[in-house]
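The numbers here are math on the coordinates, done by the rules we state, and not lab data. Computed from a predicted model, the values in this text were never measured in an experiment.
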Amino acid sequence: MTEVVKRGFPGMKSVKDLPIVQDAPPPGGFPSIRIERRLPSTGPTGIAIFAGLAAIMGYGFYQLNEQRQAKRFEADEVHAVRSIVHPVLQAEWDLRYLEHMRKEREEEAKVMKDVPGWKVGESTSRHRWLPPLESFDKRPLV
């Protein structure tokens, strides 16, 4: 059917009867074919990532420094309060110790009243004197 449309008669006697048709590029030429590899940009560049991480780390170190300064300030404040209160606490401990020693001497005098020549409060050994911290209270000084 197509032969009738093209040549106007059915059948083909020779290949030479076909019209000469030569392929040619369209006017202006064919569009260029992209052969290089161009991947789309899917995220930030390496410099942007590095800058972002540096900024985050800088902020973290800033916060760390602020916390350390606050902690140091609190520690200095506690130290100052303790150094102010320490003489008062030491005086209380001294009074407790003196009261304890008074009770010990009273008990010693009551127990040893029948022993001739016994002197209350006098050492029975030649050792170095140490206060009995564990005998009447187990709390530390400060």
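Computed 3J(HN,Hα) for segment 55-70, one whole-Hz value per residue from the Karplus formula 6.51 cos²θ - 1.76 cosθ + 1.60 where θ = phi - 60°, is 5, 5, 5, x, 5, x, 5, 4, 5, 4, 5, 4, 5, 5, 5, 5, glycine and proline marked x.
A simple rule links phi to the HN-Hα coupling: the Karplus curve 6.51 cos²θ - 1.76 cosθ + 1.60 with θ = phi - 60°, which for segment 73-79 gives 4, 5, 5, 5, 5, 4, 5 Hz, with x for Gly and Pro.
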